[in-house]
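Notes to accompany the following structure.
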Amino acid sequence: MNATDLHPADRADITGRTDIERLVNTFYGKVRADDLLGFIFNDVAKTDWSAHLPKMYAFWETMIFRSGGFVGNPLAAHARLVPLTTMGRPQFDRWLAIFTATVDELFAGENAERIKNTAADMANVIHAKINGVAQAPYAYSKLTSEQRARYGIGNARLA
């Protein structure tokens with residue numbers, strides 16, 4: 001039996017750095033093998049995985065637990081790839097689909113939902129900024145209370 005065989009109630013939530021590392025390692029293993037995304041990381045960006053993975057551990061730990069000590073500029077890192085390859089909606093949607101599926105395979109709980117919501121926010125913002133397009137409209141009724149607070153959206157807007 002593996003994690004994908006477990007009912008969500010049987011999967012633990014993301015509780016710390018070890019879980020973040022497991023998620024990031026599993027996710028990027030899938031990305032590296034993906035026919036749409038793999039070449040972007042492996043051939044275009046020429047990702048140094050020994051440097052990139054610890055940076056991603058710190059990024060996600062910072063996003064979820066505010067304790068990872070991440071320092072960097074994700075927007076600039078992605079923007080530098082735009083002249084080199086297509087960084088459009090299909091690429092970001094695939095990235096997000098793989099990320100969400102990986103979280104769901106491994107974890108269930110409040111932090112698992114938070115990391116998926118954060119990833120969706122990040123994908124939308126980075127895609128829009130590096131491509132000079134409007135962000136995808138939010139489905140306000142589906143935003144979490146945390147997202148509504150972050151975007152300054154009150155309940156009146158949800159009606």
TODO: Tell me which residues, restricted to the stretch 39-76, are outside any helix (DSSP H, G or I), surrounded by 13 or more Cβ atoms within 10 Å (Cβ to Cβ) and in contact (Cβ under 8 Å) with a residue 12 or more places away in the chain.
DONE: ALA45, GLY68, PHE70
TODO: Can you give me the number of residues within the stretch 77-101 that are within 12 Å of PHE27 (Cα to Cα) and either of a type in the set (A, V, I, L, M) or not in a helix (DSSP H, G or I) (or both)?
DONE: 4
- [ ] Scan the stretch 5-19 and give yes if some residue there is surrounded by 13 or more Cβ atoms within 10 Å (Cβ to Cβ), of a type in the set (A, V, I, L, M, F, W, C) and modelled with pLDDT of 95 or more, otherwise no.
- [x] yes
Open item on the list: Given the criterion buried (at least 16 other Cβ atoms within 10 Å of the Cβ) and either in contact (Cβ under 8 Å) with a residue 60 or more places away in the chain or in contact with a helix residue (DSSP H, G or I) (Cβ under 9 Å, 6 or more places away or on another chain) (or both), identify the matching residue among ALA101, ALA79, ALA108.
Closed with: ALA108
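The values are calculated or read from the model by the stated rules, or taken from the named source; none is laboratory data. Everything quoted here is computed from the prediction, not taken from an experiment. Every residue, glycine as well, gets a Cβ built from its backbone with ideal geometry; the counts of neighbours run over all protein chains shown.
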